[in-house]
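The structure under discussion appears below in the form of structure tokens.
Throughout, read-outs are computed from the coordinates displayed, never taken from laboratory work. Everything numeric in this text was worked out from a predicted model, so none of it was measured. As a convention, Cβ positions derive from the backbone with ideal geometry for all residues, glycine included, and neighbour counts pool all protein chains shown.
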Amino acid sequence: PAPLHDLLGNGAHATLADGRAAPALLDDDAATTLTLAGKPVIVLSPSGSGQVSMYTLTNGNGPLRNGAWTLEARSADGEWQALDQRRDENFDWPMQTRPFRIATPGQYSEYRLRLETPSRLQLAEIELLAP
């Protein structure tokens with residue numbers, strides 16, 4: 001077996017587009033959540049290197065309906081490129097973790113999650129998984 005490991009471990013950073021830190025998304029505790037409104041953007045800086053092949057999202061204290069987002073990545077100061085795009089995703093129960101596969105894995109220095117709907121939601125965790 002070749003288990004996956006989370007590149008967002010100790011030393012990783014999650015930051016909102018306005019510069020605020022978002023440590024609740026990386027603390028491996030689904031009980032700590034971050035409430036987001038509008039169309040938030042979360043920038044993720046991994047603590048290790050590896051080729052991310054999957055990612056997980058864990059919603060907060062309630063179900064999530066019609067979720068839509070785009071996961072993007074870039075190397076150094078390069079252009080952002082879309083790795084995965086989702087529409088009409090549902091999390092049926094509180095603190096549900098769902099995995100998503102990246103069709104073309106790559107190794108990047110920074111990732112960005114652009115959330116599009118709903119207008120207000122809670123996230124508890126984000127993981128970037130590599131072999």
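For the reader, a short list of remarks on this structure follows.
- Computed from the alpha carbon positions, the gyration tensor of the range 49-96 leads to an equivalent ellipsoid with semi-axes of 26, 13, 8 Å, biggest first.
- Three-way shape label, the range 63-131, alpha-carbon gyration tensor, a/c 1.5: prolate
- Using θ = phi - 60° in the Karplus curve 6.51 cos²θ - 1.76 cosθ + 1.60, the 3J(HN,Hα) couplings for the range 109-121 round to 8, 8, 10, 9, 10, 9, 8, 10, 8, x, 6, 9, 8 Hz; x is entered for Gly and Pro.
- Sequence-distant residues sharing a close amide H with V52 (under 5 Å, placed H): G106, Y108
- Positive dipole terminus of the range 1-80, leading residue within L25, S75, V52 (C-beta point charges): L25
- Amide H contacts under 5 Å for R112, placed H, 5+ residues apart: L44, E72, A73
- Shown is the FRET efficiency for S53 and S119, computed with R0 = 25 Å from the Cβ-Cβ distance and rounded to the nearest 0.05: 0.20.
- Prolate/oblate/rounded call for the range 1-70, Cα gyration tensor, a/c under 1.5 rounded: prolate
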